[in-house]
């Protein structure tokens, strides 16, 4: 649990620091004053602070988050920056020309977009490493039909065991639920119907089964003898199974490999939204939110996934899965931050776009109100998702 927590915090810390570093360095490049670079949410007093030059560097106990406070940023979002006539401003030596709100639309947009750019770049770098280590080939479970772009794809059907009867041949062989049947007597299993016929034709005779645990990815083999007269409803092996379509993505050509770091996360992002769309359709059809809620996770769900990946025996596979998760989180963070949601980077960019269209700034109080309400709603949504994740992953 401690190792899982450390790896979980390390992954999120890198994603957050890279994102905020984008805002920080672009602001510095334009000469905008950075008042504070904070790691963690400032919901409580900081655990540690140090000032270097004009910037305060802070560390807060609520670690999932971070921020860069720019001089004059609050004025763009509904706060207040004192004028040059204010004695406090004079004594502090602050020049309003260095305030965020006083800069051009291009500079403000660049500062805001820098976080999204850095997470996108980080995702690309991670996936270059991931694909390089895996031979520029990877597998994904395929839900429904989906066409991936810029890559060769091949769809196969896997047979996954979902349940095992007590004292059955499968149970005695050590097969566990949610194991993929890899081969039968040395022949690859890619079709549920063919597999069922082969087992039925081999009743009373020993067969060699090879399977892979879906969770740990451990591959095992054993000799099993299908029963001639099994108990009612159990079948010859005593297992229940279902077909799972899997797509193999292969980046084969030099061009595909050269752009794979950017193409692969884009493919994953589009595919995930395709799956979410399917889940929403099922929820609407069944008038039940369960399909959608089961497909969405927050920090607790990510923590659980990290723990699952750390249990993988094969070190290389463990590293690959953690890289894949980190890359997916980075591109997801970039995408959601660029959406026009109040309280996020995209919300700031949205108001700058309005300013560009109408030729003047939106009333700071109005913008501040929208950002505040948006942040409250996001935190409320995060709380609901966290409660769902705790119930799903830790409460039996």
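The values are calculated or read from the model by the stated rules, or taken from the named source; none is laboratory data. If you're wondering where the values come from, they're calculated on a predicted model, not measured in any experiment. Backbone-built Cβ (ideal geometry, glycine too); neighbour counts: all protein chains shown.
Among the residues that make up the range 14-29, is at least one of them on the phi < 0 side of the Ramachandran plot and more than 28 Å from the chain's Cα centre (by Cα)?
Yes: the range 14-29 contains one or more residues that are on the phi < 0 side of the Ramachandran plot and more than 28 Å from the chain's Cα centre (by Cα).
Yes/no per residue for (1) within 19 Å of residue 68 (Cα to Cα); (2) modelled with pLDDT under 90; (3) surrounded by 12 or more Cβ atoms within 10 Å (Cβ to Cβ); (4) in contact with a strand residue (DSSP E or B) (Cβ under 7 Å, 6 or more places away or on another chain):
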residue: 86; (1), (2), (3), (4): no, yes, yes, no
residue: 93; (1), (2), (3), (4): no, yes, no, no
residue: 107; (1), (2), (3), (4): yes, no, yes, no
residue: 116; (1), (2), (3), (4): yes, no, yes, no
message: It is to be established whether one or more residues within the range 25-40 are under 23 Å from residue 329 (Cα atoms), touching a residue at least 40 places away in the same chain (Cβ under 8 Å) and surrounded by fewer than 20 Cβ atoms within 10 Å (Cβ to Cβ).
response: yes
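Go over the candidates 129, 111, 159 one by one and state the one that is crowded, with 22+ Cβ neighbours inside 10 Å and part of a helix (DSSP H, G or I).
Of the residues listed, the single one that is crowded, with 22+ Cβ neighbours inside 10 Å and part of a helix (DSSP H, G or I) is 111.
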- request: Could you list, in sequence order, all residues of the range 284-304 that are in a loop (DSSP other than H, G, I, E, B) and either surrounded by fewer than 16 Cβ atoms within 10 Å (Cβ to Cβ) or modelled with pLDDT under 75 (or both)?
  value: 287, 288, 289, 295, 296
message: Quick check on this structure: which one of 346, 307, 281 is buried (at least 17 other Cβ atoms within 10 Å of the Cβ) and on the phi < 0 side of the Ramachandran plot?
response: 346
- prompt: Residue check, residue 1 against (1) touching a helix residue (DSSP H, G or I) at 6+ places or on another chain (Cβ under 8 Å); (2) closer than 29 Å to residue 106 by Cα, all met but one. Which one?
  reply: (2)
- request: Mind listing just one residue for me: the one in the range 52-69 that is assigned to a loop (DSSP other than H, G, I, E, B) and over 23 Å from residue 330 (Cβ atoms) and, of those, modelled with the lowest pLDDT?
  value: 61
message: I'm trying to understand the selection: among the residues of the range 141-150, which are at pLDDT 90 or above and either over 22 Å from residue 190 (Cα atoms) or outside any loop (DSSP other than H, G, I, E, B) (or both)?
response: 149, 150
